[in-house]
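The values are calculated or read from the model by the stated rules, or taken from the named source; none is laboratory data. What you see is a predicted model, and the numbers here were worked out from it, not measured in a lab. Every residue, glycine among them, receives a Cβ derived from its backbone with ideal geometry; neighbour counts consider all protein chains shown.
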Amino acid sequence: ESRNTETGQPMTCETEKIYKQPFVIGVAGGAASGKTTVCDMIIQQLHDQRVVLVNQDSFYHNLTEEELTRVHEYNFDHPDAFDTEKLLCDMEKLRHGQAVDIPNYDFKSYKNDVFPARRVNPSDVIILEGILVFHDPRVRDLMNMKIFVDTDADVRLARRIRRDTVEKGRDIGAVLDQYSKFVKPAFDDFILPTKKYADIIIPRGGDNHVAVDLIVQHIRTKLGQHDLCKIYPNLYVIQSTFQI
Ligand code: ADP
Ligand code: C5P
């Protein structure tokens with residue numbers, strides 16, 4: 001049983017969440033919808049707080065030699081493409097104040113061990129970003145706030161073509177084939193159905209400054225309550241008043 005370190009009184013799960021655990025934000029949405037851009041805007045505005053960004057991309061499975069020879073048949077947009085057990089394990093560690101080494105995924109070699117892993121330290125705010133971060137209920141349950149970035153499919157496709165050809169050096173024909181064979185069907189089957197779990201849906205992604213401002217305001221309010229609980233531990237008795 002956990003006890004409040006100062007009062008010695010037992011803490012409820014809800015109290016513990018507010019008392020010592022970081023504020024976890026999930027950011028989902030289609031590929032190239034602007035998830036990373038929105039996360040960067042939130043992080044920029046929260047420059048005075050300890051914030052870390054964890055990408056679901058870091059948890060892509062490494063491809064086997066056989067899969068590598070037929071990479072154009074591999075579905076990177078299916079939930080099974082990710083090592084969700086490792087993601088859960090690393091997120092749990094971060095939530096409980098342990099640092100973790102998170103792989104840097106290489107989109108060119110399709111491997112997560114080409115680059116050195118990134119050491120991620122525990123923080124006040126953890127942002128978990130990725131196309132399917134709302135898919136697994138155990139991952140959703142880690143989140144205090146869920147954001148879905150909602151950008152039209154044509155805009156996502158246009159951005160993807162530019163990004164994959166210019167930045168990833170891929171052939172435009174292969175990008176379009178992958179889009180119609182895997183990306184679009186997976187968006188309809190797995191990503192869009194998770195929109196219903198969102199607390200906030202942001203239309204137009206990073207262009208929506210009002211939405212980002214409101215989100216940052218909310219996070220600051222929650223972090224302020226967290227600080228209050230640290231200063232006045234007895235506040236946990238009335239903490240339920242703070243829930244929204
Ligand atoms: P995601 O993380 O959802 O894949 P990103 O934020 O990385 O999306 O954006 C995908 C691509 O679109 C990037 O190349 C980015 O520079 C571009 N992009 C994102 N938001 C905008 C925007 N509002 N206007 C123009 N380009 C954008
Ligand atoms: O950053 P973003 O959310 O756009 O990343 C997810 C996308 O990356 C997926 O749509 C997937 O098709 C693509 N991907 C890829 N090649 C890989 C791994 C992922 O094109 N090796």
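Yes or no: ALA28 over 30 Å from ARG156 (Cβ atoms), at pLDDT 95 or above and small (Gly, Ala, Ser)? Full working, then the answer.
Working: over 30 Å from ARG156 (Cβ atoms): no; at pLDDT 95 or above: yes; small (Gly, Ala, Ser): yes.
So ALA28 fails the test.
Hey, does the stretch 58-72 have a residue that's surrounded by 18 or more Cβ atoms within 10 Å (Cβ to Cβ), closer than 27 Å to ILE215 by Cα and at pLDDT 95 or above?
Yes, because at least one residue in the stretch 58-72 is surrounded by 18 or more Cβ atoms within 10 Å (Cβ to Cβ), closer than 27 Å to ILE215 by Cα and at pLDDT 95 or above.
Looking at ASP40, ASP57, can you tell me which residue is part of a helix (DSSP H, G or I), more than 22 Å from SER180 (Cβ to Cβ) and touching a strand residue (DSSP E or B) at 6+ places or on another chain (Cβ under 9 Å)?
ASP40
ALA81 - would you say it is within 13 Å of ligand 2 (Cβ to nearest atom) and in contact with a helix residue (DSSP H, G or I) (Cβ under 8 Å, 6 or more places away or on another chain)?
No; evaluated as a whole, the condition is false for this residue.
Could you please give the count of residues in the stretch 150-206 that are more than 24 Å from ARG70 (Cβ to Cβ), loosely packed, with under 14 Cβ neighbours inside 10 Å and in contact with an Asp or Glu (Cβ under 9 Å, 6 or more places away or on another chain)?
Number of matching residues: 1.
Here is a list: VAL120, VAL114, VAL139, VAL125. Which entry is in contact with a Pro (Cβ under 7 Å, 6 or more places away or on another chain) and aliphatic (A, V, I, L, M)? Spell out how you get there, then give the answer.
On the way: VAL120 fails: in contact with a Pro (Cβ under 7 Å, 6 or more places away or on another chain); VAL114 fails: in contact with a Pro (Cβ under 7 Å, 6 or more places away or on another chain); VAL139 fails: in contact with a Pro (Cβ under 7 Å, 6 or more places away or on another chain).
Testing whether each residue is in contact with a Pro (Cβ under 7 Å, 6 or more places away or on another chain) and aliphatic (A, V, I, L, M) leaves just VAL125.
Find the residue count for the stretch 140-186, including only residues that are within 13 Å of ligand 1 (Cβ to nearest atom) and closer than 23 Å to ILE42 by Cβ.
Going through the stretch 140-186 one residue at a time, the tally reaches 12.
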